[in-house]
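Here the structure comes first, spelled out in C-alpha cells, and everything after it is commentary.
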Amino acid sequence: MATVPQEAINELQALMDRVDEPLMRTFENIHQGYLKETLVRFLKAREGNVAKAHKMLLDCLKWRVQNEIDIILSKPIIPDDLYRAVRDSQLIGLSGYSKEGLPVYAIGVGLSTFDKASVHYYVQSHIQINEYRDRVILPSASKRYGRPITTCLKVLDMSGLRLSALSQIKLLTIISTVDDLNYPEKTNTYYIVNAPYVFSACWKVVKPLLQERTRKKVQVLPGCGRDDLLKIMDYSSLPHFCKGEGSGSGRHTSYGPENCYSLDHPFHQQLYSYIKEQSQRRQPIQPIKQGSFHVALPEAAAEGTEIAKTIESELQKFENGSGMPDSLDGLKINGE
C-alpha cells in the first residue's frame, strides 16, 4: 500500500502508548524519535491492518528484549582475524548516499560464501549492521539533510552467482526472516546488477511469489547498473563494482580503499570501532569475551519457505544438467 491513513497511525500509536518497560525502552531504540515513520513501516508490512501491525510490533519488541538486541552493538566479534574472515565472506558495505540522502548499501550476493564462521556469527554481524544503520547512520543522515531519513537503498551484486548458492539458502532465509519480522520496510529499492542467467531463471519463478509491495521495490538493471544508478546518486556514492563500464564483481582487493566490503573501508572501520567503544563502556574492566552473540533463529514464514524451496528447485535443475548459459549478454529481464 502506498499510503497509510492517519486514522490507522493514530490507532496504532494509542495502542503502543500502553506498552510498559522494558518494551517501551527498546521501542525507543527502534524509532529513534521518528515515531510516525516507524508506525507507518509496520502498518505497511501488514497492509494497513492495525491489529496485525500491533501484534507484529509487540512480537518484535519481545524478540529484542529476549535476545538483548539493545546491547548487540557492544558485542564485538573477536579476535580481529575472525571478524575480518566474516567480512571477507559476508560481503556488505556502505558506499555512500543517494541524492535524496538515503544510505546506499552494497551487497555481494553472488560472491558471499558464508563459510568462515558459524551461522550465529553471520546473524550477529547482520543484525549489528542493521542496528548501526538505524541508530547511527540514519539519524546522522536525518540531521544532515534536515528531514526524517528512515530507509535505505540496496544494490545487490549478483556477480559470481553459482550453484554453490544452494548451500547458503538456509542462512539467507534466516537473515531475510529476521529482517521481515523485525526491520520491515527499511529498504526503499533493491537494485539488482551483474545478473547471470542463473539469477534470471530463479527470478522468473520467484517474482510471482513475492508480495506486490516487494515486487515493486526490485529493479533489475542492465550490466553493472552504472548509468541507471547515476540518475539517483553521484559517482562517488556508486558501489565499487558499479564504476566500470561493463559488468564485474566487487570482492577483490584491486579496488583498494573504494572496496566497501573490505574491513579497511572507512564504514567498516567506523562500525567496528563503535562496537568496541560501546563494549568498553559496558565492561571497562573485564576483558572482552570471545564467542558469538546468540540470537534465537526465527522460523521462516510460509512465504519465505515457499520462495526458498522454489529457488532450491530451480538451482537443482541447473545442477542436474538442464541449466542454461552462465551470462545475461543480450537477455532482457527488466520489465518481464
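The values are calculated or read from the model by the stated rules, or taken from the named source; none is laboratory data. Here the structure is a predicted model, which is why all the values come from computation and not from measurement. For neighbour counting, all protein chains shown are included, and Cβ atoms are generated from backbone atoms with ideal geometry for every residue, glycine included. Note: areas computed on protein heavy atoms with side chains; ligands, DNA, RNA excluded. Shrake-Rupley method; radii C 1.70, N 1.55, O 1.52, S 1.80 Å.
One table, with the values for the structure above:
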{"item": "Cα-projected label distance for K62 with K186, points at 7 Å along beta-carbon direction, nm", "result": "2.1"}
{"item": "Solvent exposure of region 6-67 as accessible area per residue, Å², 1.4 Å probe", "result": "51"}
{"item": "Rel. contact order, % - alpha carbon contacts under 8 angstrom, at least six apart, region 6-67", "result": "43"}
{"item": "Solvent-accessible area, 1.4 Å probe, carbon plus sulfur percent, for region 65-126", "result": "51"}
{"item": "Rounded, prolate or oblate (a/c below 1.5 giving rounded, otherwise prolate when a/b exceeds b/c) for region 6-67 by Cα gyration tensor", "result": "prolate"}
{"item": "Added length on full extension, which subtracts the Cα-Cα distance from 0.36 nm per residue, H120 to K309", "result": "65.8 nm"}
{"item": "Neighbour net charge for L82 - beta-carbon separation under 12 angstrom, K R +1, D E -1", "result": "0"}
{"item": "Added length on full extension, which subtracts the Cα-Cα distance from 0.36 nm per residue, K52 to K99", "result": "13.5 nm"}
{"item": "Karplus (6.51, -1.76, 1.60) ³J(HN,Hα), θ = phi - 60°, over region 147-152, in Hz, Gly and Pro reported as x", "result": "7, x, 10, 10, 9, 9"}
{"item": "Listed residue pairs exceeding 24 Å between alpha carbons, taken from K55/K154; K216/K317; K204/K317; K62/K309", "result": "K55/K154; K216/K317; K62/K309"}
